[in-house]
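K.L.:
Here it is, the structure, as structure tokens.
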Amino acid sequence: MGGNRRETGAKYERKAGKYLESQGYEILEYNYRCRLGEIDIIARDGEYLVFCEVKYRSDSKSGHPAEAVDRKKQQTISKCALYYITRRGMWEQASRFDVVSFEGDETTIYQNAFDYIGG
């Protein structure tokens, strides 16, 4: 089942990328991986470097998709973002964390969905 979930995830990450582009974002990377974890999409939105998590639910039985981005996941994304910024020397770049959620046919962007969590 792991491969199937991965395929579904990749499909929705691409769909999210297209949606973000339609909203004026420029996609820089999909599936950025480092030793600390993974970020689904890294994009630019105006002056912001955006680290984006993509969540999908076929229905609301499991809760809203954005709720799946819990504190532990936020911390992992934060660490990866810091690693990305450090590796590229982008300290002056304003950044934020967005979540794109798919619930059935509905797509929602939560800009600035959470703050950086160190630790």
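The values are calculated or read from the model by the stated rules, or taken from the named source; none is laboratory data. Just so it is clear, the model here is predicted, and its values are computed rather than measured. Heads up, the Cβs are rebuilt from the backbone with ideal geometry, glycines too, and the neighbour counts pull from every protein chain shown. Ligands, DNA and RNA are stripped out before the accessible areas are found, and what is left, the full protein with its side chains, is counted by its heavy atoms. Shrake-Rupley method; radii C 1.70, N 1.55, O 1.52, S 1.80 Å.
K.L.:
Using every Cα-Cα pair within the range 3-119, state what percent have a distance larger than 25 Å.
P.N.:
So the pairs more than 25 Å apart make up 17 percent of the total in the range 3-119.
K.L.:
Solvent-accessible area per residue for the chain at a 1.4 Å probe radius, Å²?
P.N.:
For the chain, the per-residue accessible area is 58 Å².
K.L.:
What residue among Phe102, Tyr19, Cys34 has its Cα farthest toward the positive end of the dipole of the chain, where the charges are +1 on Lys, Arg and -1 on Asp, Glu, each on the Cβ?
P.N.:
Cys34
K.L.:
Which of the peptides 72-81, 48-57 is most tightly packed, and how do the rest follow, judged by the mean count of other Cβ atoms within 10 Å per residue?
P.N.:
48-57, 72-81
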